[in-house]
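As structure tokens, the structure follows; a few thoughts come after it.
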Amino acid sequence: MECVRIKMGIFLFQIIEYDVIKRQYTSFSEKLSGLDFKSKFYPIKTITFDPRVKSIIILHDDNNLHIVNKEKKIVMKKKKAKIEQKEASPKAVNGIDVTATKVEVHTLKKYKHLVHFEWLSEDEMIAVEVNPLTLFEKLPPAFAQATFGKK
């Protein structure tokens, strides 16, 4: 039985990766400033990991697959701080903010109403789409009826 060492979650477009054994955030989480989604409308449903490449994280929502590569990073330098601080905060060193790191995110807009995405084996994956209109066709007439008894 394999022990889960790293827990991962998403909160406000930020990937949070936590090492359970060391009881601390991973260096990937600490250096990450946020995800750069081109167009984000739906909440993330599933986090999947590529079994072949450990640095690839695949996220999916209702319409898109978002592929995050933890190793490809975009480094963005921040401008000098406008107000001089007497004590250096963890984010500022000598009045200059520490560089923030953004991760490269590729978005596949191939799907509509993506319900499930999972790896079957190392070389096979499955994506399940559902057409919402077919769900209404299978409902009993009482549920398919419009409000106030009108069709």
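The values are calculated or read from the model by the stated rules, or taken from the named source; none is laboratory data. Here the structure is a predicted model, which is why all the values come from computation and not from measurement. Counting neighbours? That spans all protein chains shown, and the Cβs are built from the backbone with ideal geometry, glycine included.
Summary table
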{"quantity": "Search result, residues across the range 29-67 that are within 16 Å of W119 (Cβ to Cβ) and either of a type in the set (D, E, K, R) or modelled with pLDDT under 85 (or both)", "calculated": "K45, D50, R52, K54"}
{"quantity": "Residue match in the range 84-93 (condition: of a type in the set (K, R), modelled with pLDDT under 85, assigned to a loop (DSSP other than H, G, I, E, B) and out of contact with any Leu (no Cβ under 8 Å at 6 or more places or on another chain))", "calculated": "yes"}
{"quantity": "Any pair with Cβ under 6 angstrom, 6 or more apart, that starts in the range 107-128 at a residue that is closer than 13 Å to I58 by Cβ and ends at one that is in a loop (DSSP other than H, G, I, E, B) and of a type in the set (K, R)", "calculated": "T107/K38"}
{"quantity": "Any hit, the range 4-19, residues being modelled with pLDDT under 65, among the charged types (D, E, K, R) and outside any strand (DSSP E or B)", "calculated": "yes"}
{"quantity": "Count of the range 113-140 residues which are closer than 18 Å to P43 by Cβ and modelled with pLDDT under 85", "calculated": "1"}
